[in-house]
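Heads up, the thing below is written out as structure tokens.
The values are calculated or read from the model by the stated rules, or taken from the named source; none is laboratory data. Predicted model only: the values in this text are computed from it and were never measured. Backbone-built Cβ (ideal geometry, glycine too); neighbour counts: all protein chains shown. Ligands, DNA and RNA are excluded from the accessible area calculation, which covers all protein heavy atoms including side chains. Shrake-Rupley method; radii C 1.70, N 1.55, O 1.52, S 1.80 Å.
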Amino acid sequence: MMLVMFAGVSVAQAKPKSPDEGVPVKVIVKDAASAPVPTAVVRHPLEQDRHRVNSVDGSWETNVLYMPDGTELRFTPGQTIELEISAPGYVTQVFQYQIKKRRNVVELKLLKIENDVEQIEEPMITFGRDLPREPVEE
Amino acid sequence: MRMRNGMVAGIVVVAAAVSLPALAGGWSSYNAAFPGFPCGDGWTACRAGEQVVTPGMSRDSAGRPVPADARIGWFDLKPTAVFSPFSGLSSYVGPVGGELAVAAPAPAPVAPTPDPIERPDPSPTPTAETPDPIERPDPVPVATSPAPVAPPAAPVAKPPTPPPAPVATSPTPPAAPVAKAPPTPAAPVTKSPPPPAAPVAKSPPPVVTASKSTPPPAPPVAPVPTAPVASSMKPVAPPSAPTTADDTCDDLVRIEPLAMLGQLRTGQVKCVEGRIGGEGAQTTKDKLSRVLIANAEGKGDKVEWERLVKRHLEDIDRSDPDMCFKYATQLSRGGTGRASGVIRWSDYALDNKQRWSGTTYTKRVYSLYRLKTEAANKIWTEAEEVFATKEHTDENEAKAAKWRGQTKDFAREWLDYAKASGQDTKSALAICVSAAGNRAFCEG
């Protein structure tokens, strides 16, 4: 009886995933100090929606993307995908990734947008002066 | 060997002989440090605010010596006492009489001796061309040294009675050694001495002439023999500070230099404020308000400066792009709460950008687009953080989306202008791509 039960469990575990489901890919977005960026978004160049990352750990994970033309882009091993990672105040990064069979975890670091070192040259506020009227030619 | 040493020594001597005179500077090397007429009105000495300006070295705000005619400090770029070129003649407020130079009793008319050439009195009468004459210590002693114009061999006797015109006014050298007037004697402006007994033509010393506005030669009205006066000159005490503070504000041009240095007295500020409140004409309010703004800036009081500029822009006039630009720049140094103000006043400055031209135009327009974009980016970033980490509501999401769109539009404007005017596009492109999430939108 016990042997039959163990055999059934082992068969269930060994069952392979369906190739139609796609391989999950996880992207973790962090800043230069390795802290998660809660406001980051991930987007495929051909996609219209932007996917927000988890605001706690800065991660986003999926195995399929839905394109504007109605097609589905399922991630399969060996496939190369391109993603854009952006966040307000950070320099946007575009990266390409070749999907593996398992453990597709990508960690990216975003750099802050640096303000120009050059300071804005301020004008001088002048005093009010009356200007003579231009002579009217007759 | 001995010849080689001799050659080396010779070369050294020749090099020293050539280089030393070149390195040595003459007195003319220091002309720029000691200007003859450092005052803005063309005078050699004057009072600028609380300072007395003379051809000697002045001091900047840190006490470093600068030439007296330097309008801004070399090291700190701060305005000096002679900053304003519009300052009129200051009035002498020292005691009149008693300490002033007193002319000795005029001698009886005598035949002039040929040795000292007598000159026209530098201060006959006040002229109408100088409305606010400065009464200064009489610098006549400068001219006391006898000028060797007339040779002693051929003395010319002067008439005992004063002629209506100078004896000789021709600028060309006379044939006879007669004392002559210079080609352009200007009208002296100081006090009038007692009438002379023996008027003769004399040449005025150049120091005391109001040179800038009196081109035609003025006839010496009441000449005085100079030599005896000079011998009885007493040193005049320097003008003392006014005993009572003048808090009037009728003449704005007079108080502008003080305002630039942030040295308006409280009474003057109250006077100007009072005039703003009671003035009907907007143009006059504009002038008065600008004086107060300059005073606050001169004092370094940013809070007061912001209050005054905001009042000026809200209540008086907002058509000055310089003021809008400067106010927006000041607001941009603050937090997110002031970012919407940055966008607002940048837009007003851009509305009147046609008042600028050339490089000023391109730089300021670029800076204004930059200010707008960075302000919108600041608001968008905060809205996204609130939505992602604090309140995940539809309202906050809509706010974040709205400011993302604003940031994208402003960044695209900034980027387009930067490309068109050949300026740096790096920051504009980074914010544009960040907001659009699509590089193609910004690069297209």
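Summary table below
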| read-out | value |
| --- | --- |
| Difference of contour (0.36 nm per residue) and Cα-Cα distance, B:D347 to B:N5 | 115.3 nm |
| FRET efficiency, A:L46 to B:T389 (Cβ-Cβ, R0 22 Å, nearest 0.05) | 0.15 |
| Label point at B:A33 placed 7 Å out along Cα→Cβ; residues across the range B:42-74 whose backbone nitrogen lies under 11 Å | B:57, B:65-67 |
| Contact surface A-B: accessible area buried, both sides summed, square angstrom, 1.4 angstrom probe | 3200 |
| Peptide B:436-443, shielding by other chains (average Cβ, 10 Å cutoff) | 4 |
| Full-stretch length increase - B:V52, B:E413 - with 0.36 nm per residue and alpha-carbon distance subtracted | 124.7 nm |
| Within the accessible area of the range A:17-110 (1.4 Å probe), percent carbon and sulfur | 47 |
| Efficiency of FRET from Cβ geometry, B:R64 and A:V106, R₀ 60 Å, rounded to 0.05 | 0.50 |
| Dmax and Rg, reported as Rg then Dmax, of the range A:17-110 (C-alpha, Å) | 13.1, 41 |
| Cα centroid separation - the range B:278-325 against the range A:25-52, whole Å | 47 |
| Given B:K372/B:K399; A:K109/B:K372; B:K378/B:K399; B:K302/B:K426, the pairs whose alpha carbons are separated by over 24 Å | A:K109/B:K372; B:K302/B:K426 |
| Chain lengthening between B:R355 and B:S319 when straightened (0.36 nm per residue, less Cα-Cα) | 12.0 nm |
| Where N is the number of residues in the range B:332-444, Cα Rg divided by 2.2 N^0.38 Å | 1.11 |
| Sites A:Q119 and B:E443 - FRET efficiency at Förster radius 35 Å, r taken between beta-carbons, to 0.05 | 0.80 |
| Local electrostatic count at B:T373 - Lys and Arg +1, Asp and Glu -1, tallied over other residues with Cβ under 11 Å | +2 |
| Percent antiparallel among DSSP beta bridges (both partners in the range A:17-110, rounded to 5) | 80 |
| Cα centroid separation, the range B:68-86 to the range B:391-444 (Å) | 43 |
| Accessible surface, 1.4 Å probe, highest first, among residues A:H51, B:H312, A:H44 | A:H51, A:H44, B:H312 |
